[in-house]
Amino acid sequence: MKKILFVTGTRADYGIMHSLLQKLESDPQVDLRIVVTGMHLDPKYGNTYKQILSDGLRIFKKIPLPMDDSSDSGVMHQIATLTSQLSEIFASEKFDLTLILGDRYEMLPVANTSVIFKVPICHIHGGEATLGNYDELIRNAITKMSHLHLPSTEEYRHRIIQMGEDPKRVINIGSMGVENVKNEKVPSLESIFNKIGVRFKKNDYFVMLFHPTTLHRTQGVQQVQNLLQALQGINCVILGTNSDSGSDQIRALIREDVESNVNHCLYQSLATEEFHELVSESKGLVGNSSSGIIEVPSLGVSTINVGNRQEGRVRGKSVIDVTGDNVDELRNAMRIAPQISDFTNPYEKKNSSNNAWNAIKEFLDNGFSSEKPFYDIKFTV
């Protein structure tokens, strides 16, 4: 039996991974250990670990982090705490594989600890680019520490190979988040409205989801202010920001807006399928979340992507890119968004979670070496 570790820190990474996790959980040859940390365990972010339990998955360990300070030093305190707690787990358990999704700061100590304890890493959603965030640097660092790569597009696959990774261990599986959109059981919009306490008409509201731009923090704050001003008089459901550096300032701006604006409501966290249904019945998603680039096109709804947090990602024609520096620009994008009709999604590929499951099983069955030669691409001069 193979023991596989997955560490999750947010509603977003778990939402993408839950189909694969359920496949691994039901495999008699796999002992899946889920460690929950970060935003999952903080009431401020909705105690989203409960969604994992309601999906029938077991939680192996909980690692609470000090989430009250979103400054850079506060984030480093979280990283240090997680590193210390993970080292104790790795010292007492022998894992055959660590699964890591993406690029958030909580994943860096997961990768570091895996390397030191000689546990191979399967990295999902590598090869992407987000130039406005330090996630970009973390993602690429994790790529170089990983042994198996499961990117979401062919372009990202080539980029990982360009970084010196063996093509045989770089497999384009598509996006499991998009697969969720296509296959999940959809709750009623009425039940979601009852939960968040609003009653908007279908296609008569926007959904806003905005996260900090950690490399351009002042710029991100100004973008939020402009966005809230552009949404004045327009129905909008605002979802809570994540815990990145500077999130407290953005959260305060949004709360101030909601207190004085009857058209706007704030709800911290929804289950993945609730979020997808809410967006699918809206005029569009506005903000800077990766979900607007990757999953939302498959909902048949446009995305207004604000600023450069997602700059560099592959995107379809239903994504409207705006700087966020000008209120009139934002309002014009909101007028255009409901008119878009091309929702071709470059991340959409059949059987993504099965593709991942098969790649993981083959990797474990064939064995691995902790040594990882650099794969040189032959250039002609």
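Taking (1) touching a Pro at 6+ places or on another chain (Cβ under 9 Å); (2) outside any loop (DSSP other than H, G, I, E, B) in turn, LYS44 satisfies each apart from (1).
Taken over region 316-371, residues that are part of a helix (DSSP H, G or I), in contact with a strand residue (DSSP E or B) (Cβ under 7 Å, 6 or more places away or on another chain) and either among the acidic types (Asp, Glu) or closer than 30 Å to ASP31 by Cβ (or both) amount to 6. Summed over region 292-312, residues that are surrounded by fewer than 22 Cβ atoms within 10 Å (Cβ to Cβ) and either β-branched (Val, Ile, Thr) or farther than 14 Å from PHE343 by Cβ (or both) total 3.
So, of the residues in region 8-60 that are among the basic types (Lys, Arg) and closer than 25 Å to ARG255 by Cβ, which turns out to be surrounded by the most Cβ atoms within 10 Å (Cβ to Cβ)? Selected residue: ARG11.
With a requirement of 2 or more residues that are in contact with an Asp or Glu (Cβ under 9 Å, 6 or more places away or on another chain) and closer than 30 Å to GLU179 by Cα, the helices (runs of 4 or more DSSP H) lying completely within region 198-282 that satisfy it span 272-280.
Might you let me know whether region 192-209 holds any residue that is in contact (Cβ under 8 Å) with a residue 24 or more places away in the chain, touching a strand residue (DSSP E or B) at 6+ places or on another chain (Cβ under 8 Å), closer than 28 Å to SER73 by Cβ and surrounded by 17 or more Cβ atoms within 10 Å (Cβ to Cβ)? The answer is yes, given that some residue of region 192-209 is in contact (Cβ under 8 Å) with a residue 24 or more places away in the chain, touching a strand residue (DSSP E or B) at 6+ places or on another chain (Cβ under 8 Å), closer than 28 Å to SER73 by Cβ and surrounded by 17 or more Cβ atoms within 10 Å (Cβ to Cβ). Condition check for PHE368 on (1) of a type in the set (A, V, I, L, M, F, W, C); (2) surrounded by fewer than 16 Cβ atoms within 10 Å (Cβ to Cβ); (3) in contact (Cβ under 8 Å) with a residue 24 or more places away in the chain; (4) out of contact with any His (no Cβ under 9 Å at 6 or more places or on another chain): one failure, at (4).
Please list, ordered by first then second residue, the pairs with beta carbon atoms under 7 Å, 6 or more apart or interchain, first in region 251-276 and closer than 30 Å to HIS18 by Cβ and open to solvent by 30 Å² or more (accessible area, probe 1.4 Å), second part of a helix (DSSP H, G or I) and aromatic (Phe, Trp, Tyr). The qualifying pairs are GLN268/TYR45.
The values are calculated or read from the model by the stated rules, or taken from the named source; none is laboratory data. Just so you know, these numbers come straight off a predicted model, no measurement behind them. Glycine also receives a Cβ, built like all others from the backbone with ideal geometry; neighbour counts cover every protein chain displayed. Note: accessible area is taken over every heavy atom of the protein model, side chains too, but ligands, DNA and RNA are not part of it. Shrake-Rupley method; radii C 1.70, N 1.55, O 1.52, S 1.80 Å.
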